[in-house]
Structure formats: C-alpha cells, structure tokens
Amino acid sequence: MDDTLARRCAETARGLTVPALLHRNATEFADLPALGMLGGERVLTWRELRDEIAALSRGLADLGLRAGDRMLIMMSGRVEHWIADLAAVHLGAVPSTVYATLAPDQLRYLAEHSAAPFLVLESSEMVARWKPILDSLENPPRVLVVDGSLREAASRGAELHQADPSAFEQAWRQVQPSDPVTLLYTSGTTGDPKGVVLTHANVIYQSVTLEATVTTPDHPHSLAYLPLAHIAERMLGIYNPIYRAGHVTICPDPAQLLAGLVTVRPVSFFGVPRIWEKFVAGLQAQLAVADPAVRGAVAAASAVASEAYELRGASRAIPPELAARFEAMDAQVLRPLRAKLGLDNMLWAGSGAAPIPVEVLRYLAGIGVDVLEVWGMTETTGTATINTPDHFRTGTVGRVNPGMELRLAEDGEIFVRGPLVCAGYLRADGGVEPVVDDEGWLATGDVGVLDEDGYLTITDRKKELIINSSGKNISPAQIENALRAHPLIAQAVAIGDRRPYVTALIVLDEETAPLWARAHDIADTTIASLAAHPLVLEEISSAVAAANEKLARPEQVKTFRVLSTVWTPVSGELTPTLKLRRRIVAEKYAADIDGLYQAGE
C-alpha cells in the first residue's frame, strides 16, 4: 500500500478516542440520525444518544464501575446494548459482549477469566440461565437487567448528570487512545477462548483505513445484524458509524435480514460466506420457477455483468461498447433484481471470517454485486487485508491495509504487524499478555500465498492441515470450499489426517434442501428424510464429483456421508461465527468417520 496513504491514515487517527468522536458528533451533527431499530418508531439523534450514554455512565459509576473494570454483556441486538457498551467506555471500563449461544461451561469460563464485577443481561430468562453459574463463582458479578436494575441505574444517572454534567465530561477526557475499548473472546476452535484486548487506537485506525480505501458517502446508513461479540459488527455497527457519524439501524432478528436490507438499502454490507451463499441459493430457486423470458433476460444481463467483472478483476479497462451494454442491461434487468434484495445502492459488499466459494462470488457479480473478500482476525481488529472496488482479485483476500506489514514464513504462515494488531490477550490476573514477538510480528496461524501484485490468497489454517498416511499435506478448506459451491450443501468437513485418503461429512442446507425436494416431487422434506433419499444422494454424489474435478488426486473425496441433522452453534459443531469446530466434529461423529473408511476398504 502507498506509504503516503499510510501516513495520512496515521495522522487522521492520532489522538482520537471513541468518547471524543461521540462528543464531536453530538456537537457538530447533533440532529442527524444515529441509532434506531428496524421497524421502530424512534431513531436517536447523536445528541440524544450521547445524553442516554451519559445518564447510564453516571449510573454505572454510582454503582461502582471503575476505569479498567470489565463488564460482561449478554443481550440481543437492541439500542440498550449499544448504550450500555458505550456508557462503560466513557468511564474507561471495558465492555465485553458474550454470545448468547455459549454453553454453561463456556459462560462460567468467561465470567471467571474476565473477573468482571458487572454482568448486564437482557431478561429474567437470561438471569435464570446464569443463576447456576453465578452460584458456583467465588466472586460473582453484580447483575443488571435491562428492563429493571439497568433502567434504574440510568434514571439515577440522569439525575446525577443533570446536577453535575462536569463529572461525565471529566471522566471521558481521561480515556486515552491506548486504553482498552473492548474485550472480545475468540471462538475457541482449538482450545479455551482467548480474551482479545482492543484499544481505541485499534478501532479508530481500522475505521480510518476503511474510509481511505472504500469510497462511501458521508453519514452512511448501515444495517447491524451480527452479534456484537463479532469483531465485524463491532467495527461496522459501532466504531465506524461513530467515526463517520453514520446512521445505524439494528436488525435484532437475523431472519429479518432481507426485510432490513430492503428497508435500509445500505451503501455497504458485510456478510459471512453463509449469508452470501443463502442469497445465491434463494435467487437460483426463484429463477428456476420464473417465466422463461425472465430467466433469459437475467442470463443475458448476467453474462455482460460477468464479463465486465472479470476485466475489472484483472485490472483491465472495460471497452466502451461493453460498458454501454452493461449500463443498459443493468438498469433494465439487474438493478430491479438487486432492489428486491435491498442491494441496489451497494458501493462495497464484503465477505470474510471463512472461505467463500469463487462460484458464489461470480454468481453475485453476474447480478451486479461485487462481493470483495477481506481477511483478518479479532487480533487484527477485523481486516488486515482488503479487496476494494477499484483494486481486487477474485479468489484472493486483497492487499494489506495501509500502515500494516505482512510477510510469509517458510511454511507459508502469515505474519502481520502494525497499528491494527491488538494490545494482547487478557491474563487471568488482569494483565495483558502481548501477542507479538520481539519485532512486533503477530503469527496468525493462517497459511497463504502472495502474488506478484501483493494480493493474498488464504490456503488454510496451519493447525488444520491434513497430513495423510503417505505424508501429503492437504488443505481441508480448499476441499470444503469446492463442496459448498453446491447450493444443497450447507457444511462439509474433509477428513483424512493420518488416513489413506480423503472422505467427507456433508450437511444439507435446511432452507435450500426442502425447496429442491419439492421441485423434484419429494413429499417428505425433513432434513432427516432427505439425507437418505436416493435423489438427494445422487445429486450430492454429482456435487462431490464436480468438486473432485477441481482438486488434485490426493485431495479428492473418495467417499462421503450425508448427515441427518443440521449444524448450529447450539448443537456445537459451529462456533458463534459459524466456523467449524473440527475437534468437536471428529469426536461427535467418530463412528460415522470410522464407517467411511470401513466402507472404502
């Protein structure tokens, strides 16, 4: 990346904190919309939002929350979540959102490890869920419930703030850019979750680099739908809107995502691969039953859009004649199609957190939505590399962010350093353990390759590489990505470590599979029944064969099993961010895996 751009980003971010930006917004953009709920009647302006934050901040201080204290929050997407989080930040305390899907043992670990003196819960049902855990703790946190004690704290704080506004102003001015702004626990795919400490400097620099690399209008309107325990939503739902003085609409129910997109029509949107895969599956299902003339028009327009997309991805100019055809067909066919998805104003669409099949990217590009992959982790405050609308390569995760450095070790492991690397991991004693070596490099655990133009391609996780019984190194992610390109397949796990060949466990898509079944006159559309249906197995067999054609011989799937269940964070096979928990899968389906190898012998 350009050194001049990096210097400019560093200068823009220097000295800023989240409370300072909120003060700016409430002063310079006081009456602009800041935060509201999808379908809600009231949208808080920046002045109103800061007043609510000030009241609760004073109330929490009155209850004993102090600078440096951690505060756990388990709450769905709602305005009170944002306010509670930012109220703690204005005191110099450290909020930490907890995934609601975590098991009791995981919740206990977070409570003990964080040593948080306060726990904010959404409802009495959550209190009941936490009670056995709290009863087992030596020093349980004080529980505040949104519609009860938290509201009382805000009411008391409003009185205190009205009587002495200077206390709030003095408190937030003590907050420094190097201070923690949040504590995020990793998914724990390979062990206990790690508490990642991010600073004000981290999150503001990420916001600055996003503004510098992706052009969007001032005060952008965005849709927040991911959990705030996810670094992507923290950046795109809290910190970036504060930096840009944007307008956030919260979508509390992921099932209402499409309605939210159609309502908000955001200029930018981030989706984990599963979200984009569902969009594609839904579009394909709709077009399959559409009038032949409609299908023909979409196919023709898609071919033109795809041609333009491939040229852009190769950094080649689009001929004027092709540009004119695309503009005309986009206006007549594709833009109305995107409008039905709420994507017609999209200037930047991103994907990350896991690999996304290239076929999915190309299909979406064919309707005029360029989904651009990014790469990073919680420890890098979200993105460390990014594809932009002007500079991208399909199948890569882009180039390193301004001000960041990236190098590859001899074994391909990716190392990064720079202003987006977190302060460290929270230790059980309250200290922070650095995540970097003596030269400032963070070992990410991801393996990749760089092309001659600096575009990074992720090939796998270092700890997840399969080494078969012949000593061949195999990337399971590459195999799984090829399998998931078929809309019937929601999840796939490649097996083969210390085995003679690769097999796979396959999970059907709970939304697409029933639609496919009805289109093929299958009466029983339950996942359990479809997993054993001959037509489904024949289709999956064809999908495996198609995937194998793209793979080297040692990587090819010899045999597979379609499971009769779906995988969710609650069932344990997926993390809250929908990453595979391979160890859990290996333990839970040991008999199925053994059966695959017995069947293949």
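The values are calculated or read from the model by the stated rules, or taken from the named source; none is laboratory data. None of the values given here were measured: they were computed from a predicted structure. Here the Cβ positions follow ideal geometry from the backbone for every residue, glycine too, while neighbour counts run over all protein chains shown. Side chains included, ligands, DNA and RNA excluded: accessible areas come from the protein's heavy atoms. Shrake-Rupley method; radii C 1.70, N 1.55, O 1.52, S 1.80 Å.
Assorted remarks:
- Here the 3J(HN,Hα) profile of segment 236-248, calculated from phi with Karplus coefficients 6.51, -1.76 and 1.60 at θ = phi - 60°, is 7, x, 10, 6, 5, x, 5, 5, 8, 6, x, 10, 9 Hz, Gly and Pro shown as x.
- Remark: the Cα gyration tensor places segment 300-360 in the oblate category, a/c being 1.5 or greater and a/b not exceeding b/c.
- Rounded to the nearest 10 degrees, the inclination of helix 46-63 to the longest alpha-carbon principal axis of the chain is 70 degrees.
- With every protein chain in place, segment 314-402: carbon and sulfur % of accessible area (1.4 Å): 56 percent
- CD proxy at 222 nm, helix term only [per DSSP H run n ≥ 4: -39500 (n - 2.57); per residue of the chain; nearest 500]: -12000 deg cm²/dmol
- Between helix 3-13 and the chain: long-axis angle, C-alpha atoms, 0 to 90°, nearest 10: 40 degrees
- 22 Å tail of the calculated P(r), segment 384-469, as % of Cα pairs: 35 percent
- Solvent-accessible surface (1.4 angstrom probe) belonging to residue 329, in square angstrom, nearest 10: 50 Å²
- Of all aspartates and glutamates in the structure, those lying under 20 Å Cα to Cα from residue 131, and not within fewer than 8 positions of it along the same chain, are 105, 112, 122, 147.
- Degrees, to the nearest 10: 320-329 long Cα axis against longest axis of the chain: 80 degrees
- Around residue 562: net Lys/Arg minus Asp/Glu count, Cβ-Cβ under 14 Å: -3
- Here's how it looks for residue 393: its modeled amide H is under 5 Å from those of 398, which are all 5 or more places away or on a different chain.
- Summing charges over neighbours of residue 522, with a neighbour being any other residue whose Cβ is under 13 Å away from its Cβ, gives -3 when K and R count +1 and D and E count -1.
- Candidate lysines for bridging to residue 463, where Cα separation is under 21 Å - those fewer than 8 sequence places away on the same chain excluded: 194, 472, 579, 588
- Taking 12 Å as the cut-off, no amide N atom of segment 430-469 comes nearer than this to a point 7 Å along the Cα-to-beta-carbon line of residue 553.
- Answer label for log10 I(q)/I(0) by the Debye sum over Cα atoms at q = 0.05, 0.08, 0.12, 0.13 Å⁻¹ (calculated), chosen among (i) -0.43, -0.66, -1.26, -1.43; (ii) -0.24, -0.59, -1.21, -1.37; (iii) -0.22, -0.59, -1.33, -1.53: (iii)
- Here, segment 210-276 is characterised by an Rg to Rh ratio of 0.93, where Rg is the alpha-carbon radius of gyration and Rh the Kirkwood radius.
- Segment 344-484, relative contact order [Cα under 8 Å, separation at least 6], %: 17 percent
- Net charge of Cβ neighbours under 14 Å - reference residue 393; Lys, Arg +1; Asp, Glu -1: -3
- Remark: C-alpha extents of segment 134-230 on the principal axes read 44, 43, 28 Å, sorted largest to smallest.
- Residue-wise HN-Hα couplings along segment 451-462, as the Karplus relation 6.51 cos²θ - 1.76 cosθ + 1.60 with θ = phi - 60° gives them from phi, are 8, 5, 9, x, 7, 9, 10, 7, 9, 4, 8, 4 Hz; Gly and Pro carry x.
- The aspartates and glutamates whose alpha-carbon is closer than 15 Å to the alpha-carbon of residue 340, local same-chain residues fewer than 8 away aside, are 330.
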